[in-house]
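Undergrad: The structure is given below, and queries will be raised subsequently.
Every number here is computed from the coordinates shown, using simple stated rules; none is lab data. Nothing here was measured: the structure is a model prediction, and the numbers come from that model. Cβ placement follows ideal geometry from the backbone for every residue including glycine, while neighbour counts extend to all protein chains displayed.
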Amino acid sequence: MYIKFKKNITNEVVEKAKKIIESCGLGTLDIFDEEIRKVGILGNNKKNLVELLEDDKEVSQGIDKIMEISVPYKFSSREFKKSDTIIKIKDVEIGGDDFILIAGPCSVENREMVMKIAKEVKENGGKILRGGAFKPRTSPYDFQGLEEEGLIYLREACDKYGLLLCTEIMDGKNIDKVCKYADILQVGTRNMQNFSLLKDLGKADKPILLKRGMSATITEFLMAVEYLIAYGNKNIILCERGIRTFERMTRNTIDINAIAMIKEICHFPILIDASHGTGIRTLVEPITLSGIMAGANGCMIEVHENPCCALSDGDQTLNFEDFSKTCKKIFKTYEFKKSL
Ligand code: PEP
Ligand code: MN
């Protein structure tokens, strides 16, 4: 349920309405949608709420409509907010006019490699450096990441080249540590339904890049977004990174449908990660381009100076030369898409 206010509504009246809602033990989500002020009502116990709002003369006069939302992914839906949500971080806007390239190594291996990659990312039009310092690995015997040491290298590289930093968080107990360095907290596919982590990240004051669970339906993906919203975070970027299907020739199957579908039903930006989505470096370019045509607001690409020696995900990682060629095609394709 949400309140749509009349056009000339004042802040005071909105705040008064929010107080009434909160006095019923409910949460609020305050947004602008095409210059119209809306307040989402979060929670279940809405008994008496409408009467309480109507009882306040000023509030009831300021309300245009109180609307129900028919879908379960309530506040991420376009039913609640028609206009695209733009996530602003420093001077970068995700979900706006520009196509956002996020690139970097799968794992941070050492300082020198991060500095070299950051330079490539910047020179090829990237706005955000990615890199894992806490790595979710299938085998406990594989490289687990440099942890805080890796975050220090990533931060240094981002500061040197004027990039934002996106890195994965796996455990609620590391939120403060990761927030000290990162601009965006990534939730990986394995944690998309780690509801206690999502609740903790709802309270974090950094944007979240939420990757689709490898076996999550689109509705389940959007319900994970709802967890973040319900616990207080409304800066969310989605990422389609492929799902598990019966096909074994590729690591995962990128769900291009999901990109177009999510653009239609959800107001948050969505990215395509064709590195994890395909697992094969020669497929990264064509599949990223197809994601652009489906409406993606940006992409994530793994890059390394020498992919065959990478400590993780080498098979899907581009070398500098291929990365540079692919980036040019990405931005060209985006311009073409916009011209349609
Ligand atoms: C990654 O981005 O390196 C990663 C582990 O991604 P995913 O969670 O999509 O597998
Ligand atoms: Mn990876």
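Undergrad: Counting other Cβ atoms within 10 Å, keep those with at most 14, restrict to DSSP loop, and tell me which chymotrypsin sites (Phe, Trp or Tyr not before Pro) in the stretch 174-249 are left.
TA: On the way: sites: TYR181, PHE195, PHE221, TYR227, TYR231, PHE246; in loops: TYR181, TYR231, PHE246.
Sparse-neighbourhood loop chymotrypsin sites (Phe, Trp or Tyr not before Pro): PHE246.
Undergrad: Under a Cβ-only charge scheme (Lys and Arg +1, Asp and Glu -1), can you give me the dipole magnitude of the stretch 87-339 about the Cα centre, in debye to the nearest 20? Each step should come with its number before you reach the end.
TA: Numbers: 34 positive and 35 negative charges, 60 e Å.
Taking the Cα centre of the stretch 87-339 as origin, the dipole is about 280 debye.
Undergrad: How many angstrom lie between the C-alpha centres of the stretch 289-340 and the stretch 15-32?
TA: 42 Å
Undergrad: Hey, what did the chain get for relative contact order, percent, Cα under 8 Å, at least 6 apart?
TA: Working: 692 pairs, mean separation 50.1, N = 340.
After rounding, I find 15 percent.
Undergrad: For a test of the definition: using alpha carbon positions, the gyration tensor, and the 1.5 limit on a/c, classify the stretch 76-162 as rounded, prolate or oblate.
TA: In terms of gyration-tensor shape, oblate.
Undergrad: Averaging over every viewing direction, what projected area does the convex hull of the Cα atoms of the stretch 87-339 cover, in nm²?
TA: On the way: hull surface 48.4 nm².
For the stretch 87-339, averaging the hull's shadow over all directions gives 12.1 nm².
Undergrad: List the trypsin sites (Lys or Arg not before Pro) in the stretch 1-53 that DSSP assigns to loop (not H, G, I, E or B) and whose Cβ has at most 16 other Cβ atoms within 10 Å. Which are they? Let's see the in-between values first.
TA: Working: sites: LYS4, LYS6, LYS7, LYS16, LYS18, LYS19, ARG37, LYS38, LYS46, LYS47; in loops: LYS6, LYS7, LYS46, LYS47.
In loop regions of the stretch 1-53 (DSSP not H, G, I, E or B), the sparsely surrounded trypsin sites (Lys or Arg not before Pro) are LYS6, LYS7, LYS46, LYS47.
Undergrad: Note the full-extension length gain between ASN44 and GLU112 as 0.36 nm times their separation in residues minus their Cα-Cα distance, in nm to one decimal. Numbers along the way, then the final one.
TA: Numbers: separation 68, 0.36 × 68 = 24.48 nm, distance 5.17 nm.
So the extension gain works out to 19.3 nm.
Undergrad: When a footprinting reagent is the concern and you count Cβ atoms within 10 Å, what order do ILE128, ILE89 take, fewest first?
TA: Working: ILE128 25, ILE89 18.
The fewest-first ordering by Cβ neighbours comes to ILE89, ILE128.
Undergrad: Same structure again: I'd like to know how the stretch 205-268 sits against the 2.2 N^0.38 Å rule of thumb: what's its Cα Rg over that expected value? Write down the numbers at each step before the final one.
TA: Details: Rg = 12.5 Å, N = 64, 2.2 N^0.38 = 10.7 Å.
Computed over Cα atoms of the stretch 205-268, the ratio equals 1.17.
Undergrad: Using Cβ contacts closer than 10 Å as the measure, can you line up LEU238, LEU201, LEU340 from fewest to most? Working shown, then result.
TA: Values: LEU238 27, LEU201 24, LEU340 5.
The fewest-first ordering by Cβ neighbours comes to LEU340, LEU201, LEU238.
Undergrad: 5 Å is the cut-off here: which amide hydrogens, built 1.01 Å from N in the peptide plane, fall below it relative to LEU42, excluding neighbours closer than 5 in sequence?
TA: GLY27, THR28, LEU29
Undergrad: With the dipole of the stretch 87-339 worked out from charges on the C-beta (+1 for Lys and Arg, -1 for Asp and Glu) around the Cα centre, which of CYS106, ASN306, LEU210 lies farthest toward the positive end?
TA: Among CYS106, ASN306, LEU210, the one farthest towards the positive end of the dipole of the stretch 87-339 is LEU210.
Undergrad: To continue, here is another question. Can you work out ³J(HN,Hα) from phi for every residue in the stretch 135-151, in order, using Karplus 6.51 cos²θ - 1.76 cosθ + 1.60 and θ = phi - 60°, giving whole Hz and x for Gly and Pro?
TA: 9, x, 10, 4, 9, x, 8, 7, 3, 9, x, 8, 6, 4, 4, x, 5
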